[in-house]
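Below: one structure, written as structure tokens.
The values are calculated or read from the model by the stated rules, or taken from the named source; none is laboratory data. Not measured: the values here are computed from a predicted model. FYI the Cβ positions are ideal-geometry reconstructions off the backbone, even for glycines, and counts take in every protein chain you see. For accessibility, only protein heavy atoms count, side chains too; no ligands or nucleic acids. Shrake-Rupley method; radii C 1.70, N 1.55, O 1.52, S 1.80 Å.
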Amino acid sequence: MNRRILTLALGAALLAGVAQAHSFAIGGLDIGHPWSRPAPQGGNGAGFLSVTSTAPAPDRLVGASSPVAGRVEIHESMIMDGRAMMHPRPGGLPIPAGSKVELKPGGWHLMFIGLKRPLAIGDRFPATLTFQKAGKVQVEFVVQASAGAAPMPEHKH
Ligand SMILES: [Cu+2]
């Protein structure tokens, strides 16, 4: 085998290993790379992650909490009348069986309301996600800047 191809394959395997290290599993759900943007103390932070289901039945992300925030809400961003808006979704986020759902900028996200400390790039903080069927899972968010992300839309609650 060509040495360069071997090196690339090894590098990809190592990267995959790193990504796997920052994921969390519960009840047929795999929580991938929870991350959050930098935000000031007293402000609100947005959290993103993926949920990959290998479960035979649908589930639902119904809540979250974190010691860094007064409360955590599940929000959906959307464009309405040409303006970016966010809405709380107290009913939670549906996770269809056997599919991957992404919380990402411009879409569904977690809102860390009333930050008790600033979130700075490189910080890690714990959070608990609650799924209707799978139950509670402890995850860790890493704070990072997102390349090319749109500015946070104004909150209209
Ligand atoms: Cu929000």
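Observations on the model:
- The stretch 24-143, accessible area per residue, ligands and nucleic acids excluded (1.4 Å, Å²): 45
- For ASP123, the residues 5 or more places off, or on other chains, whose built amide H falls under 5 Å of its own are VAL143.
- Charging the Cβ of each Asp and Glu at -1 and of each Lys and Arg at +1, and nothing else, the dipole of the stretch 24-143 about its Cα centre rounds to 180 debye.
- Sequence-distant residues sharing a close amide H with GLY43 (under 5 Å, placed H): LEU115
- With θ taken as phi - 60° and the Karplus curve 6.51 cos²θ - 1.76 cosθ + 1.60 applied, the whole-hertz 3J(HN,Hα) list for the stretch 44-59 is 10, x, 10, x, 10, 5, 10, 10, 10, 9, 10, 6, x, 10, x, 9 Hz, x standing for glycine and proline.
- Three-way shape label, the stretch 24-143, alpha-carbon gyration tensor, a/c 1.5: oblate
- Residues whose placed amide H lies under 5 Å from that of ILE26, excluding near-sequence neighbours: ILE31
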